[in-house]
Every structure is written in C-alpha cells, then in structure tokens.
1. Given the Cα-Cα distance of ARG5 and LEU74 and 0.36 nm per residue of separation, how much length would full extension add, in nm?
2. Among GLY87, GLY13, GLY31, whose mean-square fluctuation peaks in a Gaussian network model of the chain (Cα, cutoff 10 Å)?
3. Over the Cα atoms of the chain, what radius of gyration and what Dmax do you get, in Å?
4. Could you work out how far the C-alpha centroid of region 54-132 sits from that of region 1-46, in angstrom?
5. Quickly estimate the mean residue ellipticity at 222 nm for the chain, helices only: each DSSP H run with n ≥ 4 gives -39500 (n - 2.57), and the total goes over all residues, rounded to 500.
6. For the chain, calculate the relative contact order in percent as a whole number, restricting contacts to Cα pairs under 8 Å that are 6 or more residues apart.
7. Using 0.36 nm per residue of separation minus the Cα-Cα distance, give me the extension gain between TYR53 and GLU106 in nm, one decimal.
8. Return one whole number: the accessible area per residue of the chain in Å², for a 1.4 Å probe.
Amino acid sequence: MRNTRDRLRHAIGFELIGLLIAAPLASWITGVGLHHMGPLALFFSVLATVWNYVYNIGVDKLLLKYQGHTHKTLWQRVLHTFGFEGGLLIVALPVMSWWLSVSMLEALVLDLGFVLFYLVYAFIYNWSYDKVFPIPGQVQQNALG
C-alpha cells in the first residue's frame, strides 16, 4: 500500500499536470477567457486533489480486503477511473453551471468534455506513475497490469 508522502506526490503531480493542460484547452475550446475558466479549473483541481487522496485510500483498502494486495488489473483501472470521475461529477455540475451562468444541461456537456479528457489522462497518468514509482515489494505482472 502507498504511504502518505507517495499519495501526496501522486495527487499533486496529477493535478498540476492536468491543470496546465485542461484550463487552457477548455478556454480555447469554449471561447471563455482563461481569466474566467482558470479559477474554475483551479477550484476543481483542488477539489479533485482532496477527492483523489480520499478515494485512492478507499480503493486500496477494498483491494487489500478482497484480494490481499493493491495491484490493479486493466479492468480494475478502468473501473477505478470511472468511479473517481463519477464522484467528482456530483459536485462539478452545479458549481460549473453557477460559475459560467449556463444551464445544467450546458454544464453537463462541458463537464463531459472534462470527464473525457480526464478519463484518458487519469488512465495514462496512473499507469505511468505506477511504472515510475512502483509500490515497494509489489511485483509488476505485465506491461498493462
């Protein structure tokens, strides 16, 4: 299981890199100025960092309880990513609607764009992170495992 320092490195790295990509990209795609999109993206980044920390501890505890280790298969990684993004969506939608003065439907469409971006990004980042910073004593089974 990962320690607190490792979890913080993981979460902060994930959010910083994601924020540097997502905020300018969202601003460009939507035509909303970075001065208005940036604070929204920063808020979600902080929220996601806290959620990332809490969610990953919970997932690791469940994996330890039910399979005796925290190694994730490809499909567990996919489910892990969807669960994380789904939890974040519950908070993101009303905040985005309010901040951008758009309907909940418009916020949902915009948020789906963020979700699609972060689904791919989270998979790549987490897989890469596990390769660069493996859990001590844990054997990596295959290239995607």
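1. Gain on extension, ARG5 to LEU74, equals 22.3 nm.
2. GLY31
3. Just the Cα atoms of the chain yield Rg and Dmax of 16.2, 50 Å.
4. If we compute the Cα centre of each part, the gap is 13 Å.
5. Only helices count here, giving -29000 deg cm²/dmol.
6. Normalised by residue count, the contact order of the chain is 27 percent.
7. Fully extending the segment from TYR53 to GLU106 adds 16.2 nm.
8. Ligands and nucleic acids excluded, the figure is 59 Å² per residue.
The values are calculated or read from the model by the stated rules, or taken from the named source; none is laboratory data. Since this is a predicted model, take the numbers as computed values, not measurements. Backbone-built Cβ (ideal geometry, glycine too); neighbour counts: all protein chains shown. For accessibility, only protein heavy atoms count, side chains too; no ligands or nucleic acids. Shrake-Rupley method; radii C 1.70, N 1.55, O 1.52, S 1.80 Å.
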